1. When the residues of segment 107-128 are filtered to those that are open to solvent by less than 10 Å² (accessible area, probe 1.4 Å) and either among the polar types (S, T, N, Q) or in a loop (DSSP other than H, G, I, E, B) (or both), which remaining residue is nearest to LYS59 (Cα to Cα)?
2. Among (1) modelled with pLDDT of 95 or more; (2) part of a loop (DSSP other than H, G, I, E, B), which single condition is SER192 missing?
3. Just the residues that are modelled with pLDDT of 95 or more, in a loop (DSSP other than H, G, I, E, B) and either in contact with a strand residue (DSSP E or B) (Cβ under 8 Å, 6 or more places away or on another chain) or surrounded by fewer than 18 Cβ atoms within 10 Å (Cβ to Cβ) (or both), please, taken from segment 1-47.
4. Could you please tell me which pairs satisfy a Cβ distance under 9 Å, a separation of 6+ or placement on different chains, a first residue in segment 225-239 that is farther than 21 Å from ARG187 by Cβ and touching a residue at least 40 places away in the same chain (Cβ under 8 Å), and a second residue that is crowded, with 19+ Cβ neighbours inside 10 Å and of a type in the set (D, E, K, R)?
5. Pick from segment 178-189 the residues that are buried (at least 20 other Cβ atoms within 10 Å of the Cβ) and in a loop (DSSP other than H, G, I, E, B): which of them is modelled with the highest pLDDT?
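The values are calculated or read from the model by the stated rules, or taken from the named source; none is laboratory data. Computed from a prediction, not measured in an experiment: that's the story for all the values here. Here the Cβ positions follow ideal geometry from the backbone for every residue, glycine too, while neighbour counts run over all protein chains shown. All accessible areas refer to the heavy atoms of the entire protein, side chains included, with ligands and DNA or RNA removed. Shrake-Rupley method; radii C 1.70, N 1.55, O 1.52, S 1.80 Å.
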Amino acid sequence: MTRSEVAALIAARLKAEDSRAAAQFAAQNYFVVDDLLPEALAHDIHGSFPDPSTMMLRKSIRELKYVTSQMDKCAPLLDEVVFAFQDPRVVDAVARITRLRQVEPDEKLYAGGISLMAMGHYLHPHIDNSHDMERQRYRILNLLYYASPEWDFENGGNLELWPNGAKAEPHAIHSKFNRLAVIATNRNSWHSVSKVLAARNRTCVSNYYFSRVSPVEEDYFHVTSFRGRPEEPVRDLMLRTDAALRSLIRTIAPGGLRRTRHYYKKGE
């Protein structure tokens, strides 16, 4: 199936959920759409995920997961699905739901592509880097398509939103099979992924959307900043210090941080 065909399916499903999703996003800064794609196609997407040994392992006190943006080295179906979310019909449908302006996809897949989380993997509370690689556009939306069949909430690996900050209780969103979750990414959009508790792999297709206008109507910049969970005060202090140091370095010397390897380097 081509990306255009996949995009047509996604756009049609978003259109069918337009009013409900718009109300949810307006109230909660996220929306979900279940049964996004035909079930057989969703199973094929899951089956196309590469062996984790071929992916980049991000392992630190901040996170533990496998990722790759090198879609030309993945199964063709995954390449088509990732970029289907960048089709103008899909981008326009998401823009209508969220009411955000000048919404643009990211062909470089900066921090996007696919991810795989195995048992014990996690992503601590954080806000994403505020901009794209060139610091020309604001990061405004994160699109997460979950592709793990029969994934129960009790398996962990669920998306968590922290609307009242990292010291309050999070709002958990089930990483349900064939579900699309779209969340706002701004200077207050703290989010995380709970630890995977099942001896299975949680698979996800992700894209970021950007805009040349600030989503909060004023200029701002921040690096990706992590926090510890409420029950982890020592880790929280370490992560806050880490974020402060990286932010200071970026302020003093914008080119002083090591360039991320998590973007699409086609043909390399």
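1. Among those that are open to solvent by less than 10 Å² (accessible area, probe 1.4 Å) and either among the polar types (S, T, N, Q) or in a loop (DSSP other than H, G, I, E, B) (or both), it is GLY112.
2. The failed condition is (2).
3. Step one: filter segment 1-47 for residues modelled with pLDDT of 95 or more, giving 2-47.
Checking the rest, the ones that are also in a loop (DSSP other than H, G, I, E, B) come to 2, 17, 29, 34-38.
If the condition is that a residue be modelled with pLDDT of 95 or more, in a loop (DSSP other than H, G, I, E, B) and either in contact with a strand residue (DSSP E or B) (Cβ under 8 Å, 6 or more places away or on another chain) or surrounded by fewer than 18 Cβ atoms within 10 Å (Cβ to Cβ) (or both), then THR2, GLU17, ASN29, ASP34, ASP35, LEU36, PRO38 are the ones that fit.
4. Matching pairs, first to second residue: ARG235/ARG227; ARG235/ARG229.
5. ASN178
So that you can scan it fast, the table gives a plain yes or no per residue for (1) open to solvent by 10 Å² or more (accessible area, probe 1.4 Å); (2) more than 16 Å from the chain's Cα centre (by Cα); (3) touching a residue at least 60 places away in the same chain (Cβ under 8 Å):
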{"position": "LEU144", "(1), (2), (3)": "yes, no, yes"}
{"position": "GLU154", "(1), (2), (3)": "yes, yes, no"}
{"position": "ALA168", "(1), (2), (3)": "yes, yes, yes"}
{"position": "CYS204", "(1), (2), (3)": "no, no, yes"}
{"position": "ARG212", "(1), (2), (3)": "yes, yes, yes"}
